[in-house]
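Worksheet for the structure shown next.
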C-alpha cells in the first residue's frame, strides 16, 4: 500500500475457510487494512474509520 500511496484506511470483507487466518495476517502486517466479516460489518467499519474511531 505504501508503494502505491494509499494513505487512508482500507476495509476488506473476508469470507471463507481461511478468513480468520487472513484477518490475522492483515492485523499483524502493520498496514492500515481493516478486516470485516460481512457487508454490514464492513459498512459500519467504514463509517467508524471516516469518523476517526
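Brief remarks on what is shown
- Residues of segment 22-53 with amide N under 12 Å of a point placed 7 Å along Cα→Cβ from residue 8: 46-47, 49-51
- Here the chain was treated as a single set of alpha-carbon atoms; its pair distances binned every 5 Å from 0 give 4, 21, 26, 26, 17, 6, 0 percent.
- Modelled this way, with points 7 Å down the Cα-to-C-beta line, the labels at residue 19 and residue 38 are 0.9 nm from one another.
- Relative contact order, percent, the chain [alpha-carbon distance under 8 Å, six or more residues apart]: 38 percent
- With helices as the sole contributors, the chain gives -13500 deg cm²/dmol at 222 nm; each DSSP H run of n ≥ 4 counts as -39500 (n - 2.57), and the sum is divided by every residue.
Read-outs: derived from the displayed coordinates by stated rules, not from any lab. If you're wondering where the values come from, they're calculated on a predicted model, not measured in any experiment. Note: ideal-geometry Cβ built from the backbone for every residue, glycine included; neighbour counts use all protein chains shown.
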